[in-house]
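**Q** Below is the structure I would like to discuss, written out as structure tokens.
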Amino acid sequence: MDEVESAYRTLATEVTKVTGAAEATGAAEATGTAGAAEAVRAVRPEPFQAVSEGAADAYRWALARKEHGPVTGAPAHDVPDLWRLTAEADAAAVLLDDPVCPPDKRAYVRGVHDALAWLCGQSDEHAV
């Protein structure tokens, strides 16, 4: 549990940095600040950032800090058991195999899948 908590905290810090910068840039764009469009493009989540966000959401859900599964949206009130973790990982795998899944969503789902696969013992590498 400590290793999951550590992985979650690392990703949560990274996601907060990206989200905070994007919100600040969005405020600058709304006020018409010069160069805001370039700044928005520079801060938009890249695939790695989307992967990190997906992994952070998966860890958050696995620690019962998020009320809904990151892929299925299934409600969760307690720490999900192995069956639920595996079901969510399987749902992520289905989306990854979907050829019409948008690239940004695919990157997010990849993060969810990689994190849950590690938690379920299907992979030796955790998503970071």
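**Q** Assuming 0.36 nm per residue, please report the length gained on full extension of the stretch Lys66 to Arg106 beyond their Cα-Cα distance. Before the final figure, lay out the partial values.
**A** Working: separation 40, 0.36 × 40 = 14.40 nm, distance 2.05 nm.
Taking 0.36 nm per residue and subtracting the Cα distance, the gain is 12.4 nm.
**Q** At 0.36 nm per residue, minus the direct Cα-Cα distance, what do Val79 and Ser6 gain on full extension? Give it in nm, one decimal, please.
**A** Details: separation 73, 0.36 × 73 = 26.28 nm, distance 1.66 nm.
24.6 nm is the gain from fully extending Val79 to Ser6.
**Q** Using the Karplus equation 6.51 cos²θ - 1.76 cosθ + 1.60 (θ = phi - 60°), what ³J(HN,Hα) coupling, rounded to whole Hz, does each residue of region 110-121 give in order, writing x for Gly and Pro?
**A** Using θ = phi - 60°, the values come out as 4, x, 4, 4, 4, 5, 6, 4, 5, 4, 7, x Hz.
**Q** Further question: Going by how many other beta carbons lie within 10 Å of each one, how would you line up Ser52, Ser6, fewest first?
**A** Values: Ser52 24, Ser6 12.
Ranking Ser52, Ser6 by Cβ neighbours within 10 Å, fewest first, gives Ser6, Ser52.
**Q** Okay, moving on. Which of His126, His113 comes first, and how do the rest follow, when ranked by fewest Cβ neighbours within 10 Å? Walk me through the numbers before you get to the answer.
**A** Values: His126 18, His113 28.
Least crowded to most crowded, the residues run His126, His113.
**Q** Still on this structure: What order do you get for Trp118, Trp83, Trp61 when you list them from fewest to most C-beta neighbours inside 10 Å? Each step should come with its number before you reach the end.
**A** Details: Trp118 22, Trp83 9, Trp61 26.
Going from sparsest to densest Cβ surroundings: Trp83, Trp118, Trp61.
**Q** Quick check: residue separation of Phe48 and Glu125 times 0.36 nm, minus the Cα distance between them. What number comes out in nm? If you can, show how the numbers build up before the last one.
**A** Values: separation 77, 0.36 × 77 = 27.72 nm, distance 1.59 nm.
Taking 0.36 nm per residue and subtracting the Cα distance, the gain is 26.1 nm.
**Q** Out of residues 5 or more away from Ala74 or on other chains, whose amide H comes under 5 Å of its own, with H placed 1.01 Å from N in the peptide plane?
**A** Gly69
Since every read-out is calculated from the coordinates, none of them should be taken as a lab result. Nothing here was measured: the structure is a model prediction, and the numbers come from that model. With ideal geometry, Cβ positions are generated from the backbone for all residues, glycine too; neighbour counts draw on all protein chains shown.
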